[in-house]
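Trainee: Mind looking over this structure? Questions follow.
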Amino acid sequence: MKRAELINLVREFPDRSIQWLLETPDNVCGLLKIISSDLASRINYGQLINLKRTFILDNFRKREADIVFEAPFVDESENTPSEVIIYILIEHQSTIDPTIPFRLLFYMTQIWDMQRREWENKKLPLNQWRFCPILPIVFYTGSQRWELPSDMGQLMDLPVSLERFIPRHETLFLDLKTTESERLTKENHPFGWVLKVIQKEEATQEEFKDALHFAIQHLELMLPDERANWEKLMHFLFAFINHRRKQSEQSELFEVVQNAVSDKSHRKEMEKMGKTMAQALIEEGEIKGKRDGLHEAVSLGLELKFGTDSITLMDKVRKVESIERLEKIIKTIRIAKKIEEIEKLI
C-alpha cells in the first residue's frame with residue numbers, strides 16, 4: 001500500500017473509509033452478497049469499472065458520487081451479458097434523511113444524462129441509445145434505526161387517483177448497525193467479517209475483541225491472489241481500532257490481531273503495517289497541529305484587519321484543509337485592501 005494512500009486513509013477515515021474499501025471489486029461483491037445474493041452471482045466483478053463521475057447539482061456545486069461502477073451482467077434466461085450500473089450511496093450520519101428517494105432518483109437521472117451526453121458527443125443515432133439499468137444501493141452505517149422510505153410517494157400528499165404517476169424503483173438497503181450479524185457473515189466473505197467488526201464499534205471491549213479475533217481468522221483463509229485485498233482490509237482494521245476504540249484498549253486489541261494471524265508472511269507484513277500506520281498517525285498529528293495553528297492565525301488576522309465584517313468568513317476558514325491555501329490566505333491578508341480578496345481564496 002502506498003504511503004500517500006495510507007496517510008489519506010488516516011486523515012479521512014471518518015468520511016471515506018467505507019468508500020475506500022468499496023473501491024475494491026471483491027468488497028463490492030461482498031456487499032452485494034449480503035444485500036442480494038441472487039444479483040451478486042450474475043455480475044462479472046473482474047470487469048468492474050469505477051466510473052469516478054462527478055454530479056453537478058442545481059446550485060452549481062460539485063458533489064462526488066459516492067461510488068458508481070459499471071459491470072457486465074448475465075441474465076440466466078438469456079446467457080448473454082449486458083451492462084449494469086451499480087450506484088452505492090453511503091450514509092454515515094445518524095440523522096435520518098427522509099429525502100433519500102428523491103436524492104437517489106436525482107443521482108440516477110444524472111448518471112443517465114451522462115450517458116446521453118456521451119452518445120451526443122459521439123453522434124450516436126437516437127435509435128441506438130440504450131440506457132444501462134441502475135442498481136441503487138443505500139449503505140447506512142449510522143446508529144439510529146432507519147426504515148428506508150420505499151418511493152417518492154412518501155414525500156407527497158396526493159390523492160389515490162394520482163399515485164400511479166409516482167416514479168418507482170426498488171432500492172437495495174443495508175442498515176449495518178441493526179442487521180443481524182449472522183446475515184453479514186452468511187456467505188463467509190471477508191468483507192462481511194470486517195463489517196461485523198464495524199457493527200461492534202460501540203460494544204464492550206470483550207465483545208469487540210471476539211469480533212476482531214474471528215474476523216482476522218477468516219481473513220487468514222483468503223487465497224494468495226487476494227493478497228492486495230487482505231492488506232487493504234487489515235489496514236482498515238488497524239485504522240478502525242485507532243479511530244474508534246479508546247486509547248487504553250488499543251494495545252490489547254493489536255495483540256489480539258497479532259495472536260490471530262498464523263501465516264508467517266502475514267505476520268511480517270503486519271509488523272511493517274503497524275510501523276507504517278504509527279508513522280502515518282504521527283505525521284497526521286503534526287499536520288493537524290499545524291493546520292489548527294494556521295486556522296487560528298487566519299481568524300485572528302481577519303478580525304484584526306476587517307473587524308466584525310470577517311465574522312461570516314470564520315466558519316468557512318475552519319473548513320479549509322489545505323495548508324498551502326491557508327498560508328496563501330495569511331499572505332493575502334497582509335496586503336489585501338478589501339475582504340472580498342480573501343473571500344475569493346476561501
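The values are calculated or read from the model by the stated rules, or taken from the named source; none is laboratory data. Owing to the predicted nature of the structure, the values given are computational and were not obtained by experimental measurement. Using ideal geometry, Cβ is built from the backbone for each residue, glycine included, and neighbour counts are taken over all protein chains shown. Each accessible area value is taken on the protein alone, full model and side chains, heavy atoms only, with ligands, DNA and RNA left out. Shrake-Rupley method; radii C 1.70, N 1.55, O 1.52, S 1.80 Å.
Trainee: Kindly evaluate L104 against the criterion of being surrounded by 11 or more Cβ atoms within 10 Å (Cβ to Cβ), in contact with an Asp or Glu (Cβ under 6 Å, 6 or more places away or on another chain) and at pLDDT below 95.
Mentor: No.
Listed here are the residues, each with its yes/no results for (1) out of contact with any Leu (no Cβ under 7 Å at 6 or more places or on another chain); (2) within 20 Å of L32 (Cα to Cα); (3) surrounded by 13 or more Cβ atoms within 10 Å (Cβ to Cβ).
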| position | (1), (2), (3) |
| --- | --- |
| V84 | no, yes, yes |
| E118 | yes, no, no |
| P125 | yes, no, no |
| P136 | no, yes, yes |
| L155 | yes, no, yes |
| V160 | yes, no, no |
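Trainee: Contact list please: Cβ distance under 9 Å, first residue in region 176-195 and free of Cβ contacts under 8 Å to residues at least 40 places away in the same chain and farther than 21 Å from T24 by Cβ, second residue surrounded by 14 or more Cβ atoms within 10 Å (Cβ to Cβ) and of a type in the set (K, R), pairs at least six apart or on different chains.
Mentor: From region 176-195, the pairs are S181/K196; S181/K200.
Trainee: Here's something else I'd like to know. When both residues are 6+ apart or on different chains and their Cβ atoms are under 8 Å apart, which pairs have a first residue that lies in region 316-341 and is more than 14 Å from G301 (Cβ to Cβ), and a second that is open to solvent by 100 Å² or more (accessible area, probe 1.4 Å) and of a type in the set (K, R)?
Mentor: That search, which allows pairs on different chains as well, returns I323/K290.
Trainee: Only one of these conditions is not met by M156: (1) touching a Cys at 6+ places or on another chain (Cβ under 9 Å); (2) without any contact (Cβ under 8 Å) to a residue 40 or more places away in the chain; (3) not charged (D, E, K, R). Which number is it?
Mentor: (1)
Trainee: Since K200 meets every condition but one in (1) closer than 23 Å to V68 by Cβ; (2) without any contact (Cβ under 8 Å) to a residue 60 or more places away in the chain; (3) in contact with a helix residue (DSSP H, G or I) (Cβ under 8 Å, 6 or more places away or on another chain), which condition does it not meet?
Mentor: (1)
Trainee: I'd like the full set of residues that are within 17 Å of Y140 (Cβ to Cβ) and at pLDDT 95 or above, limited to region 181-196.
Mentor: The answer is R183, L184, F191, G192, V194, L195, K196.
Trainee: Just to be sure I understand the filter: pairs with C-beta atoms under 7 Å, separated by 6 or more residues or on different chains, first member in region 239-254 and open to solvent by 50 Å² or more (accessible area, probe 1.4 Å), second member not in a helix (DSSP H, G or I). Which pairs pass?
Mentor: Sorted first by the residue in region 239-254, then by its partner, the pairs are R244/E201.
Trainee: Can you tell me which residue within region 1-27, out of those that are exposed (fewer than 15 other Cβ atoms within 10 Å of the Cβ) and touching a Phe, Trp or Tyr at 6+ places or on another chain (Cβ under 9 Å), is modelled with the highest pLDDT?
Mentor: Once the filter is applied, the top-ranked residue is E12.
Trainee: In region 38-79, which residues are modelled with pLDDT of 70 or more, open to solvent by 70 Å² or more (accessible area, probe 1.4 Å) and of a type in the set (D, E, K, R)?
Mentor: Once the filter is applied, which keeps residues that are modelled with pLDDT of 70 or more, open to solvent by 70 Å² or more (accessible area, probe 1.4 Å) and of a type in the set (D, E, K, R), region 38-79 yields D38, K52, E76.
Trainee: Scan region 163-205 for residues that are touching a Gly at 6+ places or on another chain (Cβ under 9 Å) and among the β-branched types (V, I, T) and jot them down.
Mentor: Selection gives I166, T185, V194.
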